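Following: one structure in structure tokens, then a few remarks.
Read-outs throughout are calculated quantities, based only on the coordinates presented, and are distinct from any laboratory measurement. Model, not experiment: these values are computed from the prediction. When we count neighbours, we look across all protein chains shown, and the Cβ atoms used for this are built from the backbone with ideal geometry, even at glycine.
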Amino acid sequence: MELLTTESQSPGAQLASGSGDPSARIVPPPRMRTASGSGRAHAKGILLGEHTVLYGSPALAIPLPRLTMTAHATQFTEPGPDSFLMRGPTGTTPYPCPGLLQIAEVLTGGNGGLRVEVVLESEIPAGRGLGSSAACARAVVLALANLLGHELHPQEVYELVQVAENAAHGRASGVDAITTGAVAPLLFENGVAQHVQVGFDGLFVIADSGVAGRTIDAVCMVHKAFEQRPRASGKFANTVSELVRSAARDFTGGNPSGLGRSMTECHAILRDLGLSTTLIDTMAAAAVSAGALGAKTGGGGLGGCLIALAQEGKDARRVSRALRAAGAVRTWTVPVGRYTRDGR
């Protein structure tokens with residue numbers, strides 16, 4: 001492994017200062033840093049198609065740049081295993097994740113035995129369907145690449161993030177892996193993502209129910225339902241696919257009301273499959289009653305977040321208040337207009 005910089009260090013441990021007695025206390029050598037790097041990613045939200053995308057149907061997703069994940073990677077001269085830590089308000093704790101270790105092994109090639117430490121800082125609540133695991137993996141990939149001087153193609157970044165996502169979820173669609181680095185809404189189908197042009201202003205309101213979703217359980221529920229009722233599953237996939245494509249057209253054509261209706265209709269379908277919760281349903285109803293153009297559960301379901309669409313700032317504020325009154329523990333807003341500035 002070629003290091004970016006080097007620092008001198010005398011070999012072995014040193015004797016305590018001022019003592020020539022070999023039996024004196026041994027002072028271990030200081031940890032010497034040789035290089036550092038950083039990476040950043042953000043949250044995502046899936047507007048429609050989160051389950052059917054696993055079977056090749058389309059999904060519509062949005063980046064949530066306000067919620068970030070940052071990784072700081074440092075290489076030390078002493079040997080040892082790579083480690084991952086999560087820094088939070090109460091301190092720094094180990095963050096064990098086999099997928100991240102796989103990423104490190106690929107990028108460092110074993111690193112000649114030298115230890116790499118990665119410290120993560122997250123503004124993305126875990127288990128809420130906001131892509132925290134994918135954002136974590138993307139930030140780590142970028143930090144390690146920065147540390148080692150690697151210039152990765154976007155496709156290489158995506159594939160490495162997928163390594164960690166598959167380790168975490170068993171079978172990942174790829175939506176999270178790419179949207180956590182996107183700057184505009186994406187239409188994702190059969191592993192291919194394309195930017196969706198935005199033709200209107202508005203605001204998405206993201207509401208945290210305070211209850212962690214159970215993505216793996218939800219995916220298993222859908223898979224089991226598909227096996228038991230193949231004809232119904234085909235109808236489900238076709239209906240959701242049409243809603244996704246209609247929503248993408250409404251995004252581009254400047255029809256926020258149509259997009260909102262598709263979101264609400266998709267929520268009703270997921271609710272009927274048993275993928276929502278009483279709290280999420282209550283929040284969705286409260287958002288629509290407060291003037292939201294549409295609302296649906298986000299992520300895999302069985303908890304997590306709700307995504308609502310508001311026409312203007314005053315509407316978003318009213319919807320946010322209604323969501324908190326209905327049980328949301330916190331809300332965030334994302335101006336749709338920012339995608340017209342940042343996207344393509």
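Of note:
- The C-alpha atoms of the chain define a longest principal axis, and helix 154-169 lies at about 80 degrees to it.
- Magnitude of the charge dipole, the chain, Cβ model with Lys/Arg +1 and Asp/Glu -1, debye to 20: 1100 debye
- For the chain, the longest principal axis of the Cα atoms and the long axis of helix 230-253 meet at an angle of about 90 degrees.
- R0 of 25 Å, Cβ-Cβ distance GLU156-SER36: FRET efficiency to nearest 0.05: 0.70
- Those lysines that a straight Cα-Cα span of less than 16 Å connects to LYS44, excepting residues fewer than 8 apart in one chain: LYS296
- Normalised by the number of residues in segment 33-189, the mean separation of alpha-carbon contacts (under 8 Å, six or more apart) gives a relative contact order of 35 percent.
- FRET efficiency for the pair ALA232 and THR93, taken as 1/(1 + (r/R0)^6) with r the Cβ-Cβ distance and R0 = 45 Å, rounds to 0.50.
- Take the convex hull of the alpha carbons in the chain; its mean projected area over all directions comes to 20.3 nm².
- Contact order, relative form, for the chain: 20 percent (alpha carbon pairs under 8 Å, 6 or more residues apart, mean separation divided by residue count).
- Rounded tilt (10° steps) of 313-325 against the dominant C-alpha axis of the chain: 80 degrees
- Evaluated at q = 0.10, 0.15, 0.16, 0.23 Å⁻¹, the base-10 log of the normalised Debye intensity for segment 95-223, with identical point scatterers placed on the Cα atoms, takes the values -0.37, -0.81, -0.91, -1.51.
- Note on segment 198-342: Cα-only Rg and Dmax are 15.3, 46 Å.
- Cleavage-rule hits (trypsin sites (Lys or Arg not before Pro)) in segment 300-332: DSSP loop, at most 11 neighbouring Cβ within 10 angstrom: none
- Mean residue ellipticity, 222 nm, helices only, the chain: the sum of -39500 (n - 2.57) across DSSP H runs of n ≥ 4, divided by residue count and rounded to 500, is -12500 deg cm²/dmol.
- Shown for ILE178, ILE269, ILE46: other C-beta atoms within 10 Å of each C-beta, ranked fewest to most, produce the order ILE269, ILE178, ILE46.
- Gyration tensor verdict on segment 232-285 (Cα atoms; rounded if a/c is under 1.5, prolate if a/b is larger than b/c, oblate otherwise): oblate
- Per-peptide average of other Cβ atoms within 10 Å, ordering 95-107, 63-75, 147-159 highest first: 63-75, 95-107, 147-159
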